[in-house]
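A quick write-up on the structure given underneath.
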Amino acid sequence: MKHTLIFLLIATFIYACGGSDSPEGTKSTEQTAAATPQADGKKIYKQYCVTCHGLYGDMGASGAFNLTTSELPLADRIVVITKGRGAMTPFENLLDADEIAAVAEYTLELKK
């Protein structure tokens, strides 16, 4: 009985301490930060922007600007997405700064 109890305690200890994929047993802050995926501008665009701008940026529903011909630089696109313009809703309360920047960068890819 004593041997069984000791075995269970040791097995529990090994189970609780094991299971890490990294050789040191814990991941450093740098490894965790590096593993954080970047915001996917295309995915966010499809979720929030397609309704008015269309899949290719040229739909123009509800007065949306044609993104395929827009000459706005990246910084101005970030401001428009953040604060909104005209009928466009501001996204500052829906998306974080990285997500907004990713969407702005993606909209540059829509230019013809």
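Using Cβ counts within 10 Å as a stand-in for footprinting exposure, how do His3, His53 rank, fewest first?
His3, His53
Which three numbers, in whole Å and largest first, are the semi-axes of the equivalent ellipsoid of the stretch 38-111 derived from its Cα gyration tensor as √(5λ)?
Result for the stretch 38-111: semi-axes of 16, 13, 12 Å.
Read-outs: derived from the displayed coordinates by stated rules, not from any lab. All of these numbers come straight from a predicted model, not from anything done at the bench. Cβ coordinates were reconstructed from backbone atoms using ideal geometry, including for glycine residues, and neighbour counts include every protein chain displayed.
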